[in-house]
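The values are calculated or read from the model by the stated rules, or taken from the named source; none is laboratory data. Quick caveat, the model's predicted, so the values are computed rather than measured. A quick note on method: Cβ atoms are made from the backbone with ideal geometry, for glycine too, and the neighbour counts reach across all protein chains shown. Heavy atoms of the whole protein, side chains included, go into the accessibility calculation; ligands, DNA and RNA do not. Shrake-Rupley method; radii C 1.70, N 1.55, O 1.52, S 1.80 Å.
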Amino acid sequence: MAELRQETTTRAAAASGRAAPRRPARYAVSSLPAPARTPEPGLVAGPFEAAGRRLSAALLAGVPGCADGPFTVDGRTAVGEVTLHNRDELLAALSAAGRPAEPSCPDGELLLRCWLALGADGLRAADGMFTLAVLDGPDVVLVRDHVGARTAFHCRTADGGWAASSSLRALRTRPDVDTGLDLAAVRSFLTFAYLPGEETLLRGVHELLPGRVTRLRPDGRVDVEVFWEPRAGAAEGSLTARQHAEGLRELLERAVARRLPEGGREVAVLLSGGVDSSLVTALAARLHGGTVRTYSISFGAELPNELGYSGLVAAHCGTAHRVLTVPGEQVAARLADTVALLDSPVGDPLTVPNLMLAEAVAGDGIAVSLNGEGGDPVFGGPKNLPMLVFELMREDGSARARADAYLHTYRKCWEDLPVLLTGEALAALEAAPHPRRHVEPYLDDRRMPSLLDQLLHCNLRTKGAHHILTKVERLTASQGVQGRSPLFDRRVVDHAFATPPALKLRGTEEKWILKEAVRDLLPDTVTYRPKSGMRVPVQQWLRGPLSELATDLLLGPTARARGLFRADTVETWMRGGGLLLPRQGGKLWLLLTLELWLRAYDL
């Protein structure tokens, strides 16, 4: 039988168990064309030289990650945050190419060797989470993994060099980088509730795009090579639905097995009770030789929740299960610290509960946590239905009309911007690029003949890479835990896009092929129930424990002096008026999250 514990989480809860190992290892990298200078304050490694160029590569003290380096192969020196799940395959590929590597070499060095020996094929073959910075002659080369599990940022320095880091805060604190507020990025955040592409809230600082090799040249040029994108319709048309499901099942088992910790050590699974996290739980319980611990959250028995389903799955799979109750007072007390951990704000009210789950996992001495993230953007969850309905009814056949409809489906602050932003902010944005630029290329991509696959591609490359995965990485890494997402496995994604759209959305059944692949693992009441999602009591928090904080921050002198938002609109929203419709708390949550992030970054 499953072991069940229910508790109320507190800030000290994570300290009650064994401490998970932590490595203060997020990297900052600078290419230095000028004579040597000392490392920036707060950095704990000095500059080194390769190929006649100086590179300052430094670990950021107190900022946890999973760093490798520096190491040099064939005259190229690299550092990075690299975790590989298929080392044996990569070592075998290098041996077959006549470029063998030591079996004990670090993951970052192994990835560098694969790139140098096999080029883009070597990166495509890598299964894992990685961002790598390489000094290649006069260039700095940055590599981000296929789907964006880890990331980095880059910008020009005042003396004509380049600075890159897996921490945005490191670039913000550099005296040789102009990092004022980017107003266009503010508009993007208010539209999407995250930043969906290269832009950041720091002017002139860009985020790496996933599946790319980005080459920064001394003259300021940026060359980008794509080493992986999913392709639609690549499977044989003669495959039956059963064969598609069986192929997917095999890939799911491999994806979960590769992400389990070695040596039978305990593994955590974040279990919401939905089909995605439930199937990951079931596969982990079946494939892992050690204890599987599952964790769920509750906001109180008086609110709708999925604890019945998560408890059913835990009992069915025989996991040791914990339910953590998250009171609104804890959310209010910890929101500022949680937002400060993120490189870009995320308008997701689950950020504090997610951090508390990571603390609970770390407190139980577990270093690896699996999750069910990825099911919706990869296999076609309910977020696509409004767009499919729009397509049936639309009169304007342009790509712009489709992109604008996509922005509207987010139901954030896009329609409210004319009354939310001040006149000065609106005037400054007149010449700024439109937010639709982030989604229009995906929604007009002829390589994806199906609208559903275009939507999934857009979701994967925007929300998947710049919201879901980056949030998971930053919050879990802050507790010394590796958050791993099997449904974002590159081979699983490839299979999903090769599957006919009619098998992903079959009639009214969403993610049909995914459910069909795991139907024997879970009770039908879990697999085929309608998606409901956890109800996060944002409006209750804003009327209760967050009320004073929101008022002080959003209507206080600092926010007014910044001049972004009209105080009368904010006041109307806080009274429950205006064009908020359902989910009115969600829009205020965006403003509050943004304000806290701007203060954390001193903007």
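Once C-alpha pairs closer than 8 Å and six or more residues apart are averaged by separation and normalised to the residue number of the chain, the relative contact order reads 18 percent. Each other residue within a Cβ distance under 12 Å of L487 adds +1 if Lys or Arg and -1 if Asp or Glu, for a net charge of +1. The H on the amide N of T499, modeled in the peptide plane, is under 5 Å from the matching H of G233, each at least 5 residues off or on a different chain. Would you please classify the overall shape of region 243-309 from the alpha carbon gyration tensor, given that a ≥ b ≥ c denote the square roots of the eigenvalues, rounded means a/c under 1.5, and beyond that prolate means a/b larger than b/c while oblate covers the rest? The shape class here is oblate.
Screening the chain for whole DSSP H helices with an alpha carbon extent of at least 30 angstrom along the helix axis and a mean Kyte-Doolittle hydropathy of at least -1.0 yields nothing. Counting Lys and Arg as +1 and Asp and Glu as -1 over every other residue whose Cβ lies under 13 Å from the Cβ of L201, the net charge comes to -1.
Extension gain, Y528-H434: 0.36 nm per intervening residue step, less the Cα-Cα distance, totals 29.9 nm.
Shown are R99, R461, whose ranking by accessible area with a 1.4 Å probe and every protein chain present, most to least, is R99, R461. The slack between E302 and L451, meaning 0.36 nm per residue of separation minus the straight C-alpha distance, is 49.6 nm. Accessible area per residue (1.4 Å probe, heavy atoms of protein chains only) ranks R437, R535 as R535, R437, with the largest value leading. Entry note, region 456-603: relative contact order of 13 percent, from Cα contacts under 8 Å with a spacing of 6+ residues.
With helices as the sole contributors, the chain gives -11000 deg cm²/dmol at 222 nm; each DSSP H run of n ≥ 4 counts as -39500 (n - 2.57), and the sum is divided by every residue. What does the C-alpha gyration tensor say about the overall shape of region 278-317? Classify as rounded when a/c is under 1.5, otherwise prolate if a/b is larger than b/c, or oblate. Judged from the Cα gyration tensor, region 278-317 comes out prolate (a/c at least 1.5, a/b above b/c). By the gyration tensor of its Cα atoms, with a ≥ b ≥ c the square roots of the eigenvalues, what is the shape of region 462-603: rounded for a/c under 1.5, prolate for a/b over b/c, or oblate? In terms of gyration-tensor shape, prolate.
Near L341, once Lys and Arg are set to +1 and Asp and Glu to -1 for all other residues with Cβ below 11 Å from its Cβ, the sum equals +1.
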